[in-house]
Structure formats: C-alpha cells, structure tokens
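Enquirer: Got a structure for you, written out below as structure tokens; questions coming shortly.
Coordinate-derived values only; no laboratory data. For clarity, every value in this text was computed on a predicted model and none was experimentally measured. Cβ: placed from backbone, ideal geometry, glycine included. Neighbour counts: every protein chain shown.
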C-alpha cells in the first residue's frame, strides 16, 4: 500500500474553508484515494473517495492533480462539529475496510 | 440495528485474563473487519471475514488473538492471557461487499484496558 504523508494537526476558525493536503508519491495505477473522519470515541467514517481530477459530495471535495502524487481534502465553511481526525488512505478498493492503512491522520481543531 | 454495534463499550481486564469482544455488523453485510487503535494512532488492521470465512488474519499480533464469525453475521474477537500492550480500542467494520468503492461502516469500538 502506498505510504501517505499529511500534516499532524491544523487549526481553523468556524466558517473558514479548510484544505488538508496528503502526499502519496508512490501511488500505484490501480490505487484510489479515500478520506475518513474520526470523532473522539467513534469509529472512522468514510467521507469521500476519488481516483483523479475532482470529486464532490455533500460533505467535502477532493482534488487530485494529474500526477496523482498528492490530493487535497476541502471542507467548506467548517463548524465546531468538524473538529476531528482526518485520515488519507491510498490503495485498491479503499472504499472498503480491506487492510486499510490509516496512519496518524490530521487532527483538525475548529474554534469560534 | 441501523449501524455496527459493538459490546461491551468498555472493558477492564486484569493481566492474564481472557476477554471476548463482540461485533454485530449491519444486517446482510458480507465483509467484516477488526482493527486495533492505540491511543493517538490510526486504526491498524487485524483480520477480515467474508461471510464466515476468515480470509486474512495477517494483522493479528500474536496467537493470543483469535477471531471467529461462525454463522457469517456476529463476530467475536477473543484475546487470551491479556497483556498491558493489548490496551487499545478495538474497532469492527462491515461492508456490503468486497468490491471497489463499497463504503465501510465502523462501530464505536470497545475500549480495552488491561491492568
């Protein structure tokens, strides 16, 4: 599975857009990029998955450049409830839980 | 139920004691996974079932760890002779298939503390 690198932590004010970038230089051709969100005392929750270009859903957007060596999770107008750890995962079929490699994630703290 | 249910939510065990952690996946979900999450770390894969078949147990840290899913629904993770290093949150996840892009749903986890 491709190794990922993401910031350990980020801080934001409520109402701002937050962009979390993940590096995955050795991503394979058949790898997908998936982001999970985890609140304290909860299990991770699937947010979004993409292969290339841009993917958007009701929660977030995922931007993937042409070389796919990085990706950016964009959270529009965050609120206090978006305070969580965000994990970037790369691998085949990463929409499932099959041998997901989570890493330590990015701890996002949103304040007023 | 509507989601993945795990019990107990919290378990304190004395070192050397055996424990059993239960996972009720979403009804009809074929795939079931166990993960271990140490404090401040991301979840780490332990084992995977497709129906009742345990297809991958490469993440189980030692032979003290054993998982089963005899009827292809409820699963139990058993830890024998618990050690302090077993203290962690144990997460169960299920998905409707093993196919690409199928979303996985996690339970709230069981926090195990070995004293």
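Enquirer: Suppose a student asked you for the relative contact order of segment A:4-84, using Cα pairs under 8 Å spaced at least 6 residues apart; what percent would you report?
Expert: After rounding, I find 35 percent.
Enquirer: Hey, another quick one. Given chain B, what whole percent of its Cα pairs are spread farther than 23 Å?
Expert: 22
Enquirer: With labels modelled as points extended 7 Å from the Cα through the Cβ direction, what inter-label distance (nm, one decimal) is found for residue B:115 paired with residue A:80?
Expert: Computed distance between label sites residue B:115 and residue A:80 equals 3.3 nm.
Enquirer: At what distance in nm do the modelled label points of residue B:66 and residue B:78 sit from each other, each positioned 7 Å from its Cα along Cα→Cβ?
Expert: Spacing of the two 7 Å Cα→Cβ label points: 0.4 nm.
Enquirer: How long are the semi-axes of the equivalent ellipsoid of segment A:1-45, taking √(5λ) for every eigenvalue λ of the Cα gyration tensor, in whole Å from largest down? Walk me through the numbers before you get to the answer.
Expert: Details: eigenvalues 114, 45, 19 Å².
Equivalent ellipsoid semi-axes, largest first: 24, 15, 10 Å.
Enquirer: Ok, one more. For chain B, with a Gaussian network of springs between Cα atoms less than 10 Å apart, report the residue from B:40, B:28, B:72 with the top mean-square fluctuation.
Expert: Checking each option, the largest mean-square fluctuation is seen for B:40.
Enquirer: Averaged across B:36-44, how many Cβ atoms of other chains sit within 10 Å of each residue's Cβ atom?
Expert: 4
Enquirer: How big, on average over all directions, is the shadow cast by the Cα convex hull of chain A, in nm²?
Expert: Value for chain A: 6.3 nm².
Enquirer: Let me confirm one metric for peptide A:34-46, namely the mean number of other chain beta-carbon atoms within 10 Å of its residues' beta-carbons.
Expert: 5
Enquirer: Let me check against my output: what whole-number percent is the relative contact order of chain B, with C-alpha pairs under 8 Å and at least 6 apart?
Expert: Over chain B, the number comes to 36 percent.
Enquirer: Using the scaling law 2.2 N^0.38 Å as the reference, what is the normalised Cα Rg of the protein assembly as shown?
Expert: That works out to 1.02 for the protein assembly as shown.
Enquirer: For A:24, B:29, what's the fewest-to-most ordering of other Cβ within 10 Å of each Cβ? Before the final figure, lay out the partial values.
Expert: Numbers: A:24 23, B:29 19.
By the 10 Å Cβ count, ascending: B:29, A:24.
Enquirer: So what are the radius of gyration and Dmax for the Cα set of segment B:1-48, in Å?
Expert: 12.8, 36
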